[in-house]
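A.B. asks: Right, I'll just put the structure down here and ask away after.
The values are calculated or read from the model by the stated rules, or taken from the named source; none is laboratory data. Here the structure is a predicted model, which means the values were calculated and not measured. In this analysis, Cβ positions are derived from the backbone assuming ideal geometry, glycine residues included, and neighbour counts consider all displayed protein chains. These area figures cover heavy atoms from the full protein model, side chains too; ligands, DNA and RNA do not enter into them. Shrake-Rupley method; radii C 1.70, N 1.55, O 1.52, S 1.80 Å.
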Amino acid sequence: MKSELLLPAGNIEKMRYAYAYGADAVYLGLVDFSLRTMRKGELITRDNLKIAIDEARSLNKKVYLTLNIFAFDDDIKNLDETLEIIKDANPHAIILSDFGIFNLVRKKLPNIDIHISTQTNTTNSEAVKFWRDLGASRVILARELSLKQIETIRKNVPDIELEHFIHGSQCMSFSGRCLLSDYMTNNERKANQGGCAQPCRWSYKLLEETRPGQYFEIVQDDKGSHILSTKDLCLVHYLKDLENAGVNSFKIEGRTKSLYYVSAVAKAYREVLDNKISSDSGFEELKKVGNRGYTTGFFLGVNEPSSYSYDISKGLAGADFLCVFQDKDEIGYKVEIKNKILLNDKIEVIAPFQNEILTVVGIKNEKREDVDVANTNDIVYLKFDREVDIDYNFALARTLGIKNEY
């Protein structure tokens, strides 16, 4: 069985890059009904949803629309008014977790597949059968399952698709259902409605209640203690095991991650799945994207203290994202700078079917003047030390090596 590679698409640009770098499908969300609130790029709206899905179909790719908030009546009312737009856009499936949303979608969009979100905490065969019998075509299993437990579910329920997370950030709450953000932001950032403030990444100190004002470090270091912050999931070494277990779709987390993250992670997993590189090489590539250190989580049957990142909260870049290629003319490659590039820097250019180590031997600004440095957000022209045919439509560049490793 060939398993689907499913990437996040926080906006239309990321969707295009995900497909170019090897995704078979993407999941994306409308702003009001998704568990991730997007801020940048060409966001997915009621006006452009159909355009995005039609574009995907033209590439023979799939789109799954997330309606996976836990809804209140106002949300249900707003969704009811949006269902005709969704019906016209015709996504390949809708990802949901709320029974009320399930009921509406099943009645009003009977010809669109339903995928059950990991937010439903599906951890056993009977729960999978329950969703199958209600009419779902796929269940996204909880990240708390081991390989052995996944194998058991597939054996007991052979007639439904199963999806499982293989990479990305993890939540400290069971399958991501969390109230910490609601509580610690006075209900302004509701985790289960797309506004999570990620308090599990915050640094904490201990306060003993009879000693007001006296704080104690739980772990003595200069960064505080991130006692709730998990390392990122990475199952690149276990893709064959998951395929053999009958998992139909491999899901990668990260709709709020960068264009570089989506592209580089898709490329690494695609090349491992296609046997172009080994899983060890794939793991080295995955170290080059932002991460908090990697763990296999519950997949091997144990979740040890080493699965938590006690000293950092944000994912630190393994390599810096330097630029996005836009065009080429007689003076060089036109790029948009994301992080500073200096004359004579060595950089790694990546494209869907290409990796090149090049030296920058010329930089010209938009006025075609020679400069020694290209700063963030500049549009410049780069010349390299050797002639190379770069697929500039989807090419990116990053720094060499791995500068942060955990």
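A.B. asks: Filter the stretch 7-17 down to residues that are over 10 Å from the mean Cα position of the chain (by Cα) and among the aliphatic types (A, V, I, L, M) and give me whichever is surrounded by the most Cβ atoms within 10 Å (Cβ to Cβ).
C.D. replies: Here the answer is Met15.
A.B. asks: Within the stretch 56-70, does at least one residue satisfy the condition of being surrounded by fewer than 17 Cβ atoms within 10 Å (Cβ to Cβ), at pLDDT 95 or above, part of a helix (DSSP H, G or I) and in contact with a helix residue (DSSP H, G or I) (Cβ under 7 Å, 6 or more places away or on another chain)? Talk me through it step by step, then tell me what you get.
C.D. replies: Within the stretch 56-70, the subset surrounded by fewer than 17 Cβ atoms within 10 Å (Cβ to Cβ) is 57-60.
Now narrow it down to the ones that are at pLDDT 95 or above: 57-60.
Pick out the ones that are also part of a helix (DSSP H, G or I) and you get 57-58.
With the extra rule that they be in contact with a helix residue (DSSP H, G or I) (Cβ under 7 Å, 6 or more places away or on another chain), the set shrinks to none.
No: zero hits.
A.B. asks: What is the one condition in (1) within 22 Å of Leu259 (Cβ to Cβ); (2) open to solvent by less than 10 Å² (accessible area, probe 1.4 Å); (3) not in a loop (DSSP other than H, G, I, E, B) that Ile44 does not satisfy?
C.D. replies: Against the list (1) within 22 Å of Leu259 (Cβ to Cβ); (2) open to solvent by less than 10 Å² (accessible area, probe 1.4 Å); (3) not in a loop (DSSP other than H, G, I, E, B), Ile44 comes up short only on (3).
A.B. asks: Take the conditions part of a helix (DSSP H, G or I), of a type in the set (D, E, K, R) and open to solvent by less than 40 Å² (accessible area, probe 1.4 Å) and apply them to Asp80. Does it pass?
C.D. replies: No, not satisfied.
A.B. asks: Continuing with the same structure: Based on this model, can you work out whether Asp274 counts as in contact with a Gly (Cβ under 9 Å, 6 or more places away or on another chain) and surrounded by fewer than 19 Cβ atoms within 10 Å (Cβ to Cβ)? Break it down into steps so the answer makes sense when it comes.
C.D. replies: Numbers: in contact with a Gly (Cβ under 9 Å, 6 or more places away or on another chain): yes; surrounded by fewer than 19 Cβ atoms within 10 Å (Cβ to Cβ): yes.
In short, yes.
A.B. asks: How many residues does the stretch 119-140 contain that are under 19 Å from Phe299 (Cα atoms) and either open to solvent by 10 Å² or more (accessible area, probe 1.4 Å) or in contact (Cβ under 8 Å) with a residue 60 or more places away in the chain (or both)? Walk me through it before giving the result.
C.D. replies: Start the filter on the stretch 119-140 by keeping residues that are under 19 Å from Phe299 (Cα atoms), which leaves 119-125, 128, 139-140.
Keeping just the survivors that are either open to solvent by 10 Å² or more (accessible area, probe 1.4 Å) or in contact (Cβ under 8 Å) with a residue 60 or more places away in the chain (or both) gives 119-121, 123-125, 140.
Matching residues across the stretch 119-140 total 7.
A.B. asks: Cβ-Cβ below 7 Å, separation at least six or inter-chain, first residue in the stretch 374-401 and of a type in the set (S, T, N, Q), second open to solvent by 20 Å² or more (accessible area, probe 1.4 Å): which pairs?
C.D. replies: Asn375/Lys340; Thr376/Lys338; Thr376/Asn339; Thr376/Lys340; Thr399/Asp320
A.B. asks: Right, something else. In the stretch 362-383, which residue that is touching a Leu at 6+ places or on another chain (Cβ under 8 Å) and crowded, with 18+ Cβ neighbours inside 10 Å is farthest from Lys231 (Cα to Cα)?
C.D. replies: So the residue we want is Ile363.
A.B. asks: Picking from Asp88, Asp74, which residue would you name as being out of contact with any Phe, Trp or Tyr (no Cβ under 9 Å at 6 or more places or on another chain), open to solvent by 20 Å² or more (accessible area, probe 1.4 Å), modelled with pLDDT of 95 or more and of a type outside the set (A, V, I, L, M)? Give the derivation first.
C.D. replies: Numbers: Asp74 fails: modelled with pLDDT of 95 or more.
Exactly one of Asp88, Asp74 is out of contact with any Phe, Trp or Tyr (no Cβ under 9 Å at 6 or more places or on another chain), open to solvent by 20 Å² or more (accessible area, probe 1.4 Å), modelled with pLDDT of 95 or more and of a type outside the set (A, V, I, L, M), namely Asp88.
A.B. asks: Can you name the condition, by its number, that Tyr294 falls short on among (1) among the hydroxyl-bearing types (Ser, Thr, Tyr); (2) in contact with a Phe, Trp or Tyr (Cβ under 9 Å, 6 or more places away or on another chain); (3) modelled with pLDDT of 95 or more?
C.D. replies: Failing condition for Tyr294: (3).
A.B. asks: While we're looking at this one, here's another question. Output the residues belonging to the stretch 289-302 that are in contact (Cβ under 8 Å) with a residue 40 or more places away in the chain, open to solvent by 50 Å² or more (accessible area, probe 1.4 Å) and at negative phi.
C.D. replies: At the first step, the residues of the stretch 289-302 found to be in contact (Cβ under 8 Å) with a residue 40 or more places away in the chain are 291-301.
When the remaining residues are screened for being open to solvent by 50 Å² or more (accessible area, probe 1.4 Å), the result is 298, 300-301.
Within the stretch 289-302, Phe298, Leu300 qualify.
A.B. asks: Is it true that some residue in the stretch 71-83 is aliphatic (A, V, I, L, M), touching a residue at least 24 places away in the same chain (Cβ under 8 Å) and closer than 23 Å to Glu161 by Cβ?
C.D. replies: Within the stretch 71-83, the first condition is being aliphatic (A, V, I, L, M), and the residues that meet it are 71, 76, 79, 83.
From what's left, touching a residue at least 24 places away in the same chain (Cβ under 8 Å): 71, 76, 79, 83.
Subset that is closer than 23 Å to Glu161 by Cβ: none.
No, the stretch 71-83 contains no residue that is aliphatic (A, V, I, L, M), touching a residue at least 24 places away in the same chain (Cβ under 8 Å) and closer than 23 Å to Glu161 by Cβ.
A.B. asks: Another question, if that's okay. Considering Phe321, Phe283, Phe384, which residue is within 17 Å of Ser169 (Cα to Cα) and at pLDDT 95 or above? Talk me through it step by step, then tell me what you get.
C.D. replies: Details: Phe321 fails: within 17 Å of Ser169 (Cα to Cα); Phe384 fails: within 17 Å of Ser169 (Cα to Cα).
Exactly one of Phe321, Phe283, Phe384 is within 17 Å of Ser169 (Cα to Cα) and at pLDDT 95 or above, namely Phe283.
A.B. asks: Also, quick follow-up: Which condition number does Glu81 fail, the rest of (1) over 15 Å from Lys14 (Cα atoms); (2) touching a Leu at 6+ places or on another chain (Cβ under 9 Å); (3) modelled with pLDDT under 90 being met?
C.D. replies: (2)
A.B. asks: For the stretch 142-154, enumerate the residues that are under 23 Å from Leu7 (Cα atoms) and either without any contact (Cβ under 8 Å) to a residue 60 or more places away in the chain or of a type in the set (Gly, Ala, Ser) (or both).
C.D. replies: The answer is Ala142, Ser146.
A.B. asks: For Arg106, are the conditions met, namely being closer than 23 Å to Phe299 by Cβ and surrounded by 15 or more Cβ atoms within 10 Å (Cβ to Cβ)? If you could, list the steps in order and put the result at the bottom.
C.D. replies: Working: closer than 23 Å to Phe299 by Cβ: no; surrounded by 15 or more Cβ atoms within 10 Å (Cβ to Cβ): yes.
No: the conditions fail for Arg106.
Here's the yes/no breakdown for (1) part of a loop (DSSP other than H, G, I, E, B); (2) surrounded by fewer than 22 Cβ atoms within 10 Å (Cβ to Cβ); (3) at pLDDT below 95:
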{"position": "Ala197", "(1), (2), (3)": "yes, yes, yes"}
{"position": "Glu209", "(1), (2), (3)": "yes, yes, yes"}
{"position": "Ile218", "(1), (2), (3)": "yes, yes, yes"}
{"position": "Asp222", "(1), (2), (3)": "yes, yes, yes"}
{"position": "Ile227", "(1), (2), (3)": "yes, yes, yes"}
{"position": "His237", "(1), (2), (3)": "no, yes, no"}
{"position": "Lys240", "(1), (2), (3)": "no, yes, no"}
{"position": "Val247", "(1), (2), (3)": "yes, no, no"}
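A.B. asks: Would it be correct to say that Leu343 is more than 25 Å from Glu13 (Cα to Cα) and surrounded by 17 or more Cβ atoms within 10 Å (Cβ to Cβ)? Give the steps one after another, and end with the answer.
C.D. replies: Numbers: more than 25 Å from Glu13 (Cα to Cα): yes; surrounded by 17 or more Cβ atoms within 10 Å (Cβ to Cβ): no.
Here the answer is no, as Leu343 does not meet what is asked.
A.B. asks: When the residues of the stretch 268-290 are narrowed to those that are assigned to a loop (DSSP other than H, G, I, E, B) and hydrophobic (A, V, I, L, M, F, W, C), which ends up farthest from Lys403 (Cα to Cα)?
C.D. replies: Ile277
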